[in-house]
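The values are calculated or read from the model by the stated rules, or taken from the named source; none is laboratory data. Remember, it's a predicted structure, so these values are computed and weren't measured experimentally. Cβ: placed from backbone, ideal geometry, glycine included. Neighbour counts: every protein chain shown.
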Amino acid sequence: MIYNQSRVNQGGDLNLVVFEDFNADRFYPLSVSHPVYDLIYGCFNVIERFKHYFKPDNIFLWCRDYLADISRQRYDCQVNNPNSIKGTCIFINAALKPDYKMLNDISRAKENTVFFNQSEFIAAKLTDEVVKEMPLGYLPKQPITFPTDIKRVKVKAELFEYPWDIVSFNGEAINLDVLEFWSCENPEELYQRFNSDKPGIYIHPSAKVSANAFFDVSEGPVVIDEAAVVEPRSLIQGPVYIGKNSRVMGGIIREGCSIGPVCKIGGELEQSIVLGYSNKCHEGFIGHSYIGEWVNLGALTANSDLKNNYSEVTVRVKGKDIPTGLIKVGSFIGDHTKTGIGTLLNTGIVIGFCCNMYGGMLFPQKEIGSFRWGTPEDMMEFKLDKAVQIAKISMKRRGMEFSVVDEKLFNIINERTP
């Protein structure tokens, strides 16, 4: 069933409040430099998905304090400012696993209704009077309390807990997004603009797709977004989403992949997400991974996503080993990290913010902290001034400025790094 045709006209302003809760750090290393609502899966990032669904008049964001300035830079929204909210508010937990039926229920709910899954705050529809009484400053820090007269509804909704949960769900998310927005009975004009001669392939009119590119949609759709380029000899096996201004460079993009904006992807990519502005131009396999922004993977960089004994992969996050319940888990790479030619990455490795790895050999470590530089046997501190210098060059190459806000974030993350 499609739910995007049945939303209720709210009357008056509708405000959407997308918040990350006190578990945001579980999405490390991506969450070091991103609020959870930045994360991409399916065909959208979290904010885009809820914006397209609810069509709010205003969007408000709630995140950890040190990420508020970078959020203001990235989005034209109020951040961490509840006093500016006027009118009906729909709160959505940024870690919510998409369930369009539940979003429909939230949209149609009466005001001053809160949705919980066990003790987890999932969503709410509230008046601005109630919002102003809430201790919203605690949202990213500890569970929030509500007035006793608020209606509480228990739902079966799920929250993503870790990056590998998002990666595992990504193929299904692409299918759901296409079903909800592109292939529904009466798609909106934005989605009607996508066209193709073949069912299951949705190509934006500004995208350039070679006649010698190949698509397999037997297991799911392929979406090629605005100004994306698919070069000759590219093979794309759906479900796959190729983001705005990104380029597929003759590689193999297997099922379950989402590529964010302004990326260059070659070689082989399987069941992986690339957040944006990242390069994997050359040969090499990346599978069951989540790659941050401004990452550059050198030629023949490859990761293992399966142990030789087919046993469960355990991922080490900030020194703690976490069972994943999965046998296929790849790499999780923070923003601004670079790898040299021939870099090999261990199964389930976590690499922090702004690392520079080289040496043409296997990194057997399960975790590498932020601001690290070197070979597997000799990892040292990546000096802040050098890291900033390289980031400025990297961003300038894409026509973007390394701002005062970006530099402030680098300093904060560096200070927080053990």
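A few points about this structure:
- Between F146, F215, F169, F181, the distinction of being farther than 25 Å from K55 by Cα and touching a residue at least 24 places away in the same chain (Cβ under 8 Å) belongs to F146 only.
- Close Cβ contacts (under 6 Å, 6 or more residues apart or on different chains) running from residues in the stretch 40-63 that are assigned by TED's automatic domain parsing to the domain that holds Y75 and farther than 14 Å from I273 by Cα to residues that are small (G, A, S) and buried (at least 22 other Cβ atoms within 10 Å of the Cβ) comprise L61/S71; C63/S71.
- Within the stretch 231-281, tally of residues that are assigned to a strand (DSSP E or B) and in contact with a helix residue (DSSP H, G or I) (Cβ under 8 Å, 6 or more places away or on another chain): 6
- Restricting L344, L297, L326 to residues that are of a type in the set (A, V, I, L, M), more than 21 Å from S246 (Cα to Cα) and either surrounded by fewer than 17 Cβ atoms within 10 Å (Cβ to Cβ) or under 21 Å from the mean Cα position of the chain (by Cα) (or both) narrows the list to L326.
- Flag for K110 being touching a residue at least 12 places away in the same chain (Cβ under 8 Å) and surrounded by fewer than 16 Cβ atoms within 10 Å (Cβ to Cβ): yes
- G369 vs. criteria modelled with pLDDT of 95 or more, more than 22 Å from G276 (Cβ to Cβ), crowded, with 16+ Cβ neighbours inside 10 Å and not aromatic (F, W, Y): yes
- Looking at I252, I224, just one residue is under 29 Å from V313 (Cβ atoms) and touching a strand residue (DSSP E or B) at 6+ places or on another chain (Cβ under 6 Å), and that residue is I252.
- Annotation note: of R233, R247, the sole residue that is outside the structural domain of H34 (by TED's automatic domain parsing), of a type in the set (D, E, K, R) and more than 27 Å from G352 (Cα to Cα) is R233.
- Residues that are polar (S, T, N, Q) and part of a loop (DSSP other than H, G, I, E, B) were ranked within the stretch 306-323; the one that is surrounded by the most Cβ atoms within 10 Å (Cβ to Cβ) is S311.
- Enumeration of residues in the stretch 54-67 that are buried (at least 16 other Cβ atoms within 10 Å of the Cβ) and either touching a Cys at 6+ places or on another chain (Cβ under 9 Å) or of a type outside the set (F, W, Y) (or both): P56, N58, I59, F60, L61, C63, R64, L67
- Filtering the stretch 82-97 to residues that are over 13 Å from V155 (Cα atoms) and assigned to a loop (DSSP other than H, G, I, E, B) leaves I85, K86, G87, A94, A95.
- Restricting A211, A227, A299 to those that are out of contact with any Phe, Trp or Tyr (no Cβ under 7 Å at 6 or more places or on another chain), part of a loop (DSSP other than H, G, I, E, B) and on the phi > 0 side of the Ramachandran plot reduces the list to A227.
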